[in-house]
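S.K.: Questions regarding the structure given below will be posed in turn.
Nothing in this text is a laboratory measurement; each read-out follows from the coordinates by a stated rule. In this text the structure is predicted, and so the values were computed from the model without any measurement. Here Cβ is always computed from backbone atoms with ideal geometry, including for glycine, and neighbour counts include all displayed protein chains.
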Amino acid sequence: MKALGTAHRYFQHALRAVTGKHDPMLPPPHLHTIGTGNFRAIGEEFLELFQNAGLKPTDRVLDVGAGTGRMALPLTDYLTTGTYDGLEIIKPSVDWCSEAYAQWPNFRFHHADIHNLRYNAKGSVDGADYRFPFEDDSFDFVFLTSVFTHMQAREVGNYFAEIARVLAPGGTAFITAFLLDDDARAALAAKSAHYSFKVVLDDCYAEDAKVPEKAIAFDPDVYSRLASPLVMAEMLPGDWRGKKGTSFQDITILRAA
Ligand SMILES: C[S@@+](CC[C@H](N)C(=O)[O-])C[C@H]1O[C@@H](n2cnc3c(N)ncnc32)[C@H](O)[C@@H]1O
C-alpha cells in the first residue's frame, strides 16, 4: 500500500514535469513524509481550521514539525503583517523549504537535529531537553499537525513547556493528537478504530513496539497534565476513531493564560 502511494507520487511528479504543469511549491517525492492526500487541499482545510481556532493575518505563527511546508503554503496568501517560522528535524526538508519560500521574506525555516526513530534516526539531540530557538512570548499562534502523534510522552512534555514559553499571553496552540477518551476506547474495544494502540509505554501508547514513533496516543488526563500551564479549550474528535470527524487525527486547541 505504502509502496503504491510512493510509486503514485513519483509518477505524478514525472507527469507534471513532462506536461509542463510542474508546481514549484509541491515538494519532490523523495522528501515525502505525509499521507497520499492532496497537498494543497489539505493545507487549505487546515487554514480554515486554524482560522476557526482564532488565527489572524497579523499573527506571529510557529509551525513545529513543519515537514515540507504543507501548512505553510496557504499561509503565504493569508498572512499580511504576520510572520511564519517553521521548525523541522529533517534537514533536506528544511533546505528545500528555505529555498522554495525565499520569495516570502516573512517565512523562515529552522533545523533542529532531534532524534526520532521514524523521521531522524541519526539525530543527535534529545527532544526531551531541546529548547526552541525563540524568545519567550514571541508567537501568537503555534501549531503542530501530525507531530505529537509521532513523539513519546517525555518529549511531548518538554515541547508543551516550550510552546507555553514562546506563546504570548492569550496565544493559541492548535495540536493534533490521538486521545484515548471513553469514545476512542470504545472504538478500540470494538476494533472499529484505525489503530489498536496495544503497546503500553511511559505515559503513552504505541501501535508498533519496534518503532513506537509510527503512531502514539495519550490518555486525555495525561495529555492535559503534560500541556499544563496551557489549558485545553476544545477537542474535535477525528476520523481515526472509525466515525466521521473534523479531520483524521483529533484536534486539540489550547490557550496560554
Ligand atoms: C507526518 S509529518 C507532518 C508534517 C507537517 N506537520 C504536515 O502536517 O504536513 C511529521 C513531521 O514531524 C517531524 N517531527 C518528528 N519529531 C519531531 C520533533 N521532535 N520536533 C519537530 N519535528 C518533529 C517529522 O520530521 C515530520 O516532518
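S.K.: Quick check: Cα centre of region 40-55 to Cα centre of region 149-218, how many Å?
M.R.: Each part reduced to its Cα centre gives a spacing of 21 Å.
S.K.: Report the relative contact order of region 36-255, percent, no decimals, based on alpha-carbon pairs under 8 angstrom and at least 6 residues apart. Please report the intermediate quantities before stating the final value.
M.R.: Values: 432 pairs, mean separation 35.4, N = 220.
The value is 16 percent.
S.K.: What is the sum of charges, Lys and Arg at +1 and Asp and Glu at -1, for the other residues whose Cβ falls under 12 Å from the Cβ of GLY171?
M.R.: Result for the local shell: 0.
S.K.: Using Cα springs under 10 Å in a Gaussian network model of the chain, which residue among LEU236, LEU47, LEU79 shows the largest mean-square fluctuation?
M.R.: LEU236
S.K.: Fewest first, what order do ASP182, ASP208 take by the number of other Cβ atoms within 10 Å?
M.R.: By the 10 Å Cβ count, ascending: ASP182, ASP208.
S.K.: Expressed in nm to one decimal, what extension gain is obtained for the pair GLU135 and LYS56 from 0.36 nm per residue of sequence separation less their Cα-Cα distance?
M.R.: 26.4 nm
S.K.: Based on the Cβ-Cβ distance from LYS210 to TRP104, what FRET efficiency comes out when R0 is 35 Å, to the nearest 0.05?
M.R.: 0.30
S.K.: How much length is gained if the chain between VAL231 and ARG165 is pulled fully straight, taking 0.36 nm per residue apart and subtracting their Cα-Cα distance, in nm to one decimal?
M.R.: 22.4 nm
S.K.: Kindly point out which whole DSSP H helices in the chain project their C-alpha atoms 18 angstrom or further along the helix axis while averaging a Kyte-Doolittle hydropathy of -0.5 or above.
M.R.: The qualifying helices are 2-19, 39-52, 153-166.
S.K.: Also: log₁₀ I(q)/I(0) of the chain at q = 0.11, 0.12, 0.13 Å⁻¹, via Debye over equal Cα point scatterers, no solvent, to two decimals?
M.R.: Ignoring solvent entirely, the Cα scatterers give -0.59, -0.71, -0.85.
S.K.: Once you've got the GNM for the chain with C-alpha springs shorter than 10 Å, pick whichever of PRO220, PRO24, PRO169 has the biggest mean-square fluctuation.
M.R.: PRO24
S.K.: Please check: in the Gaussian network model of the chain (C-alpha springs, under 10 Å), which one of VAL200, VAL156, VAL64 has the largest mean-square fluctuation.
M.R.: Fluctuation is largest for VAL200.
S.K.: Take the cross-link list LYS191/LYS244; LYS191/LYS214; LYS91/LYS198; LYS122/LYS214 and give me the ones stretching past 24 Å between alpha-carbons.
M.R.: Pairs exceeding 24 Å: LYS91/LYS198.
S.K.: Follow-up question, since we're still on this one. As a test of the formula, what do you get for the chain when each DSSP H run with n ≥ 4 contributes -39,500 (n - 2.57) and the sum is divided by the residue count, at 222 nm and rounded to the nearest 500 deg cm²/dmol? Show your work: numbers first, answer last.
M.R.: Details: 7 runs with 79 residues, N = 257.
For the chain, the value works out to -9500 deg cm²/dmol.
S.K.: Just the C-alpha atoms of region 171-232: what Rg/Rh do they give, with Rh taken as the Kirkwood radius?
M.R.: My calculation puts Rg/Rh at 0.99.
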